[in-house]
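Novice: Next up is a structure, given as structure tokens.
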């Protein structure tokens, strides 16, 4: 009598070519052993093509969806609000409907807040001031209509992407290498995290079966200027190119001043302490900083 082997649990990660999607896929063997992980990248599947997404969903029959894909550039969202809604809201709503019987984790943003308060908790009232934030908030509400689903708000991610154009660190270095100055506001605050830390936290949360709304950011509140100063020892291209500025002089899409977040709720579920950005950088080798993985944060001295 032949036995039938149960298949491994299967996860779909959208935005597989994006920064966090890439880290989720490459770290799955470490933080989600035994899972069969399938990445969905825009080049292979347009998430706004609902028929094609439905067909792929039915083919893979996932047990979990981690939805990272988004139109995340604030400028792009402001220039084409309808496309921002198609990608950030309608595609998310369709995935949430397809996932009605399974867990779905949606990566949202601290941009759902106006930035006047800082150190936001999950219970604080959202008040987005730009198109990107409004579309993320609308998508959050659709996702959370299902009690099996989860929303994780993040803010600023450091990492290394396939084409070098996904993280804020890559953006800064590319501007500096082109011979231009990088203006960093000393009165705009964020709580950045390495992509590897975010990936581990998402994988751990996925296996906790504790759906709901969570904030995930670094434990240090830093200004954009302080973030740039922290990066200088690791990225020589930035030397002489960082300019201290003020958000009072900002032109363009509205930007929240302070998106620091309290992460006590998710911290209680994780097996590791969420580091601050400067704390994480301290004592790292150049190679470790280049890959922005989690492992150096737990290395023994």
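Just so you know, all these numbers are worked out from the coordinates, no wet-lab data involved. Since we're looking at a predicted model, the values are computed, not measured. Note that we place each Cβ from the backbone using ideal geometry, even for glycine, and neighbour counts take in every protein chain shown.
Novice: Give, to the nearest whole percent, the P(r) tail of segment 172-283 beyond 20 angstrom, counting all Cα pairs.
Specialist: Numbers: 3124 of 6216 pairs.
Of all Cα-Cα distances in segment 172-283, 50 percent exceed 20 Å.
Novice: Considering the Cα positions of segment 245-291, please state its Rg to one decimal place and its Dmax as a whole number of Å.
Specialist: Answer for segment 245-291, Rg first and Dmax second: 16.2, 42 Å.
Novice: Given axes a ≥ b ≥ c from the Cα gyration tensor, I'd like to know whether segment 136-226 is rounded (a/c under 1.5), prolate (a/b larger than b/c) or oblate. If you can, show how the numbers build up before the last one.
Specialist: Details: a/c = 2.32, a/b = 2.02, b/c = 1.15.
Because a/c hits 1.5 or more and a/b exceeds b/c, segment 136-226 counts as prolate.
Novice: Which order do the peptides 226-235, 107-116 take when ranked by the mean count of other beta-carbon atoms within 10 Å per residue, highest first? Show your work: numbers first, answer last.
Specialist: Details: 226-235: 18.3, 107-116: 23.2.
Those peptides, ordered most packed to least, come out 107-116, 226-235.
Novice: Out of the DSSP beta bridges found with both residues in the chain, what percent are antiparallel (nearest 5)? Can you show the working numbers first?
Specialist: Numbers: 2 of 31 bridges.
Antiparallel bridges make up about 5 percent of those DSSP assigns within the chain.
Novice: Which three lengths, in whole Å and largest first, does the chain cover when its Cα atoms are put on their principal axes?
Specialist: Extents along the principal axes: 71, 48, 37 Å.
Novice: Listed highest first by mean packing, meaning other Cβ atoms within 10 Å per residue, what order do 35-47, 281-293, 149-161, 188-200 come in? Before the final figure, lay out each step's value.
Specialist: Details: 35-47: 16.8, 281-293: 15.2, 149-161: 23.2, 188-200: 26.5.
Ranking the peptides 35-47, 281-293, 149-161, 188-200 by packing returns 188-200, 149-161, 35-47, 281-293.
Novice: Let me know the Rg and Dmax you get for segment 183-227 when you use only its Cα atoms, in Å.
Specialist: Expressed in Å, the Cα Rg and Dmax of segment 183-227 come to 13.6, 42.
Novice: Calculate for the chain the 222 nm mean residue ellipticity that helices alone would give, adding -39,500 (n - 2.57) per DSSP H run of length 4 or more and normalising by residue count, nearest 500 deg cm²/dmol.
Specialist: Details: 13 runs with 100 residues, N = 301.
Calculated mean residue ellipticity at 222 nm is -8500 deg cm²/dmol.
Novice: Then there's this: Cα convex hull of segment 39-198: mean projected area in nm², to one decimal?
Specialist: On the way: hull surface 42.5 nm².
Taking a quarter of the hull surface, the average projection is 10.6 nm².
Novice: For segment 114-183, what is the relative contact order in percent, using Cα pairs closer than 8 Å and at least 6 residues apart in sequence?
Specialist: Details: 33 pairs, mean separation 8.9, N = 70.
That works out to 13 percent.
Novice: Can you tell me the order of 248-255, 11-18, 216-223 when each peptide is scored by its average per-residue count of other Cβ atoms within 10 angstrom, highest first? Display every interim value, and only then the final one.
Specialist: On the way: 248-255: 11.6, 11-18: 24.4, 216-223: 21.6.
For the peptides 248-255, 11-18, 216-223, the packing ranking is 11-18, 216-223, 248-255.
Novice: Also, I was wondering about something else. To the nearest Å, what is the center-to-center distance of segment 16-88 and segment 211-227, using C-alpha atoms only?
Specialist: Cα centroid of segment 16-88 versus Cα centroid of segment 211-227: 23 Å apart.
Novice: If I model a spin label as a point 7 Å beyond the Cα along the Cα-Cβ vector, how far apart are those points for residue 50 and residue 237 in nm?
Specialist: Here the answer is 4.1 nm between the modelled labels.
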